[in-house]
Amino acid sequence: MGRNIVQKIIDAHYVSGDKKPGKEVAVRIDQTLTQDATGTMAYLQFEAMGVPRVKTEISVSYVDHNTLQEGFENADDHLYLQTVAAKHGIFYSRAGNGICHQVHLERFGAPGKTLLGSDSHTPTGGGIGMMAIGAGGLDVAVAMAGGPFYMTCPKVIKVNLTGQLQPWVAAKDVILKLLEILTTKGNVGCIVEYGGEGVMTLSVPERATITNMGAELGVTTSIFPSDKVTKAFLKAQGREDKWVKLAADPSAKYDRVIDIDLSELEPMVAQPHSPDNVARIRDIKGKKVHQVLVGSCTNASYKDITTLAKILDGRLISPNVSFGVAPGSRQVLQMAAKESSIATLVGSGARILETACGFCIGAGQAPPSGGVSVRTNNRNFEGRSGTKDAGIFLVSVETAAACALKGELADPREVAAEMGIEYPAVKVPKKFLVDDSMVLLPAEDPSGVEVRRGPNIGKPPESVPLPETIKGEVSLKVGDKITTDHIMPAGARLKYRSNIGKYAEYVFEGVDAAFSKRALENKARGVHNVVVGGLSYGQGSSREHAAICPSHLGVRAVITKSFERIHSANLINFGIVPLLFADDSDYDRIAQGDQVEIPNVREAIRKGSSLKARNVTKGFDFEVRHTLTGRQIDIILAGGRLAYTKEKGSF
């Protein structure tokens, strides 16, 4: 039987496990990446393992999230990251060099390789033919130490692309269409593989936009073939030697096939407050826009910035729109400056923002109260922008430009016809400007490197073994689609990422500001905290602090209707039991403040997947279940993966 691309890469990196969909399989990791919001804890965990040098082919530490230096915390943490990278064999991409996913695609990514990153948008690398997976920082630390990555052997969904995108329709519209089809729910344990004749019409930056935002589907990752388009991109980056051909066999089998005719797509938009709340822009046009922002790891490539500049050349954006542009990397910024694209954008009324994550994570550029912000990034969760009552609309660069010119939600095809704008068919250059001077190499002699630890640098949390019985309180009940932003706020709060005790003060801050204090009081009284949630609990960022900080507050179990992949793994890594309602109707019978018990939980988890729980307050029993593998059971019983690793002496 023929093999698809996903199966070929798993075969080439197989370590152990069962290569049947739904079973656990361990794969070897070739490359890792971290960013500074998650990297500090990942490297603290790596240090705790006592491994002197990373064992991957390439590991890169990027600084791209916390680049605003408000107080000493971020600056101190960056010094820690720089020195720990030098000591342990890690490349260090300095602040200003660009967003991790954009830079990694340009300078380090290689077809056929595995990449594990402590950021949920690591699947951007799938645009170049990598199996690139987002994970919690502890999983990345283990990979750097030479351990395998354990994943659910995936079902593979083929998205068969035919035709060619029409003018003013972009790669962003492809992934928005797929989000409309698959939604953000129900895709855990799947990988999306793109194929069909339409693939050849898409450049690597366009493919990367699609795989980047594939993270919002909840799939493990997404991947494109490696073909002559991939080879041309790598050649333009001076890295042609990294190219290998990668394609599915003609007889390859898939668990599902979705057909998308590129020529039939229209400009799309994701409306507030979810990336799958998708509509055609022409169906909602006319709404006043207060802000337009172009950038992020989704849409800030050379092609994106050049396209934007050509559309706006000689034109002024609406006087009622705040307009910002953030190139995705130093390479993109330098090329756009040399080719006058930056001057064109400034002339149009744009503010040129730092080559960093910035507005995407709520670090600056918050829209006005009740405002409408049109953005090219990948997430529009409520409050993520920094303004809770703002509406964030996700669009392509072409549609963003149209909205900036009109000052309202607008179809770029109509704006082009009205203003006489010819569609700029921008091609990927034959040669990129290559300057890696802001990537620092690790020290040849690590013995001379002193790791700098500022006062904001703490230690990984201590593990506490799972008790015999969970006896506690439902300290919080939440609904569907709770994101890691709901659990651990981003933006300005991220500066506390290395100080777990301080950061834990803000757990569920935007949902229930009293939660942290209430949970700590329960913990002090010896009462376990239990969180109850609905569908797709833990969407969004791979931020493992959404598990670390609740664990610090004494949360021992989370009971939901369903979990998202990365967050579930993070809960396990930090000793919190992820449990599912056997009967979803039991969710409605439980209230915040109810006293609950799960007796003999250690023995029950060992014996089977079903556990008996009791609502002591209301006097009824209900059933919960787990989907833990044997290895994950051992991790939970030990109180987390660091404790498990120390016990076993292996990964």
> For the range 470-648, what ratio Rg/Rh do Cα atoms give with a Kirkwood hydrodynamic radius?
Replying inline: 0.94
>> I need to check one value: relative contact order of the chain, counting alpha carbon pairs closer than 8 Å and at least 6 residues apart, in percent.
In response: 14 percent
> In what order do Phe508, Phe622, Phe72 fall by count of nearby beta-carbon atoms within 10 Å, going from fewest to most?
Replying inline: Phe72, Phe622, Phe508
> Which whole-percent values make up P(r) of the range 593-649 when all C-alpha to C-alpha distances are grouped in 5 Å steps starting at zero?
Replying inline: 4, 18, 23, 18, 16, 11, 6, 3, 1
> Once the Cβ-Cβ distance between Lys517 and Val616 is put in as r, and R0 is 22 Å, what FRET efficiency do you end up with, to the nearest 0.05?
Replying inline: 0.45
> Between Asp588 and Gln69, what FRET efficiency follows from the Cβ-Cβ distance if R0 is 41 Å, with the result rounded to 0.05?
Replying inline: 0.30
>> My understanding is that a pair violates if its Cα-Cα distance is over 23 Å; which of Lys310/Lys406; Lys19/Lys253; Lys253/Lys561; Lys19/Lys235; Lys481/Lys646 do that in this structure?
In response: Lys253/Lys561; Lys19/Lys235; Lys481/Lys646
> Between Ala279 and Asp255, what length comes free when the chain is fully extended (0.36 nm per residue of separation minus the Cα-Cα distance, one decimal in nm)?
Replying inline: 5.9 nm
> Which whole number of Å³ per residue matches the convex hull of the alpha-carbon atoms in the chain?
Replying inline: 142 Å³
> Which whole-number percent is the relative contact order of the range 470-648 (Cα, under 8 Å, 6+ apart)?
Replying inline: 23 percent
> Using 0.36 nm per residue, how much length does the chain from Lys288 to Arg28 gain when fully extended, once their Cα-Cα distance is taken away?
Replying inline: 88.6 nm
> What length, rounded to one decimal in nm, is gained on full extension from Met1 through to Lys459, with 0.36 nm per residue of separation minus their alpha-carbon distance?
Replying inline: 159.9 nm
> Picking from Ile305, Ile260, Phe432, whose Cα lies most toward the positive end of the charge dipole for the chain (charges on Cβ: Lys, Arg +1; Asp, Glu -1)?
Replying inline: Phe432
> Rounded to the nearest 5, what % of the DSSP beta bridges within the chain are antiparallel ones?
Replying inline: 35 percent
>> Looking at the calculated P(r) for the range 5-264, what percent of the C-alpha pair distances fall above 31 Å?
In response: 24 percent
> For the chain, what is the mean residue ellipticity at 222 nm derived from helices alone (per DSSP H run of n ≥ 4: -39500 (n - 2.57); sum divided by total residues; nearest 500 deg cm²/dmol)?
Replying inline: -8500 deg cm²/dmol
> Could you give the dipole magnitude of the chain about its Cα centre, charging the beta-carbon of Lys and Arg +1 and that of Asp and Glu -1, in debye to the nearest 20?
Replying inline: 720 debye
> Which net charge results when you count Lys and Arg as +1 and Asp and Glu as -1 among the other residues whose beta-carbon is under 15 Å from that of Thr560?
Replying inline: +1
> So if R0 is 30 Å, what FRET efficiency would Lys502 and Met438 give, r being the distance between their Cβ atoms, rounded to the nearest 0.05?
Replying inline: 0.50
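We did not get these values from a lab; they are worked out from the coordinates using the rules stated. Just so it is clear, the structure is predicted and the values come from calculations on it, not from any experiment. Note that we place each Cβ from the backbone using ideal geometry, even for glycine, and neighbour counts take in every protein chain shown.
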